[in-house]
Amino acid sequence: MTVPLDPRLNAFRPDLADRRLDGRVRAARFVGGAARRVTAPLAALRRRPASDAPLETQALAGEAVLVFDEPGEGWAWVQLESDSYVGWMESEALGPPAGAPSHEVSVPRTLVFPGPDIKLPPVSDLPMGARIAARGVAEDRNARYVLIEPFGAVVEQHLRPVGAAAAEDFVSVAERFLGAPYLWGGKSVLGMDCSGLVQLSLAMTGRAAPRDTDMQEAFFAPVGEKEPRRRGDLIFWKGHVGLMLDGERLLHANAHHMMTAVEPLAEAVARLAARGAPVTSVRRA
């Protein structure tokens, strides 16, 4: 039996589809995607080309995307190259693909200064995982800086070379987001959801993971029911995921606390079970 393609991960509509899907889906026209790169610090990927449409996920600065359609009015229909997610993004968040990123932000949030001077008013900020292309370095009496394309400066200790080995496990990365407000579809310290926390934390340790909870539950290997819980185990409910800090405590971005929080696993299990949502599986990342 042929399994239908997931529209979240495959760019196809009745009127237009990714050329790579020719012969697998029906569409009036097939096109190749145009390579672009995210230039905004964070770019919302929405279900429809409207600012009030539901947020599906967020793309981070420097992320590569394929653009399949730009019908006007400031919107582009795109696919993220990192996790294949498909949706609508504002065209002004995108730039040319030139200048492969050389560094990524390794702290929850860093500031971009107009020049190598921390006393200058910042012009923007960048979230963890955002990638930049370096054009040089500079130093003053306060700090060392990486000068970034097309302009600006970021303090050196907030960056690491792309592909550099992480010094911490993915749970330690996730812990750095404690207190971040809950945001459906969010992937930064300014707003985070449960599966975004798992995906970003793993990505910062060099491990790819799908975006949504159902995808993650299918992706990771199951843990036996009688096996003790350990740090890094993922606990799944329908539409929700959390990660274990140790054998008893759960870290998760959740709508009960409306932030990324830690609580005893037993409390989370009981609360969700009372709402008709039992644990569906435990997986090991």
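The values are calculated or read from the model by the stated rules, or taken from the named source; none is laboratory data. Just so it is clear, the structure is predicted and the values come from calculations on it, not from any experiment. Neighbour counts run over all protein chains shown; Cβ positions are idealised from the backbone, glycine included.
Working carefully through the options 241, 279, find the one that is in contact with a Ser or Thr (Cβ under 7 Å, 6 or more places away or on another chain) and assigned by TED's automatic domain parsing to the domain that holds residue 189.
Working: 279 fails: in contact with a Ser or Thr (Cβ under 7 Å, 6 or more places away or on another chain).
Residue meeting the stated conditions: 241.
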Within the range 273-285, track down each residue that is more than 18 Å from residue 211 (Cβ to Cβ) and buried (at least 18 other Cβ atoms within 10 Å of the Cβ).
282
How do the pairs read when you match residues in the range 212-239 that are closer than 25 Å to residue 183 by Cβ with residues anywhere that are at pLDDT 95 or above and among the acidic types (Asp, Glu), using Cβ under 7 Å and keeping only pairs 6 or more apart or on different chains?
236/217
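Against the definition (surrounded by fewer than 18 Cβ atoms within 10 Å (Cβ to Cβ), closer than 30 Å to residue 3 by Cβ and aliphatic (A, V, I, L, M)), how does residue 65 come out, yes or no?
On the way: surrounded by fewer than 18 Cβ atoms within 10 Å (Cβ to Cβ): no; closer than 30 Å to residue 3 by Cβ: yes; aliphatic (A, V, I, L, M): yes.
Criteria not met by residue 65.
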Is it the case that the range 184-198 has a residue that's surrounded by fewer than 21 Cβ atoms within 10 Å (Cβ to Cβ), closer than 13 Å to residue 259 by Cα and among the aliphatic types (A, V, I, L, M)?
yes
Taking the range 186-206 on its own, how many of its residues are in contact (Cβ under 8 Å) with a residue 60 or more places away in the chain and out of contact with any helix residue (DSSP H, G or I) (no Cβ under 7 Å at 6 or more places or on another chain)?
9
Quick check on the range 158-183: of everything there that is surrounded by fewer than 14 Cβ atoms within 10 Å (Cβ to Cβ) and under 23 Å from residue 145 (Cα atoms), which residue is modelled with the highest pLDDT?
161
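Against the definition (under 27 Å from residue 214 (Cα atoms) and surrounded by fewer than 20 Cβ atoms within 10 Å (Cβ to Cβ)), how does residue 55 come out, yes or no? Quick ask: steps written out before the conclusion?
Numbers: under 27 Å from residue 214 (Cα atoms): yes; surrounded by fewer than 20 Cβ atoms within 10 Å (Cβ to Cβ): yes.
It is true that residue 55 is under 27 Å from residue 214 (Cα atoms) and surrounded by fewer than 20 Cβ atoms within 10 Å (Cβ to Cβ).
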Here are some conditions: (1) within 21 Å of residue 212 (Cα to Cα); (2) surrounded by fewer than 21 Cβ atoms within 10 Å (Cβ to Cβ). Residue 73 meets all but one. Which one does it not meet?
(1)
Top-ranked residue in the range 83-109 [being at pLDDT below 95 and among the small types (Gly, Ala, Ser); ranked as surrounded by the most Cβ atoms within 10 Å (Cβ to Cβ)]:
99
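If I ask for residues that are in a loop (DSSP other than H, G, I, E, B), touching a helix residue (DSSP H, G or I) at 6+ places or on another chain (Cβ under 7 Å) and surrounded by fewer than 17 Cβ atoms within 10 Å (Cβ to Cβ), which ones from the range 9-42 would you list? Reasoning before the result, please.
Within the range 9-42, the subset in a loop (DSSP other than H, G, I, E, B) is 9-11, 13-16, 23-24, 26-29, 32-33, 39-41.
With the extra rule that they be touching a helix residue (DSSP H, G or I) at 6+ places or on another chain (Cβ under 7 Å), the set shrinks to 10, 32, 39-40.
Correct list: 32, 39.
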Subset of the range 19-47 that is touching a residue at least 40 places away in the same chain (Cβ under 8 Å) and more than 18 Å from residue 211 (Cβ to Cβ) - its residue that is nearest to the chain's Cα centre (by Cα):
41
Can you pull out the strands (runs of 3 or more DSSP E) entirely within the range 86-176 that have at least 1 residues that are touching a residue at least 40 places away in the same chain (Cβ under 8 Å) and closer than 29 Å to residue 54 by Cβ?
86-90, 103-105, 109-112, 124-127
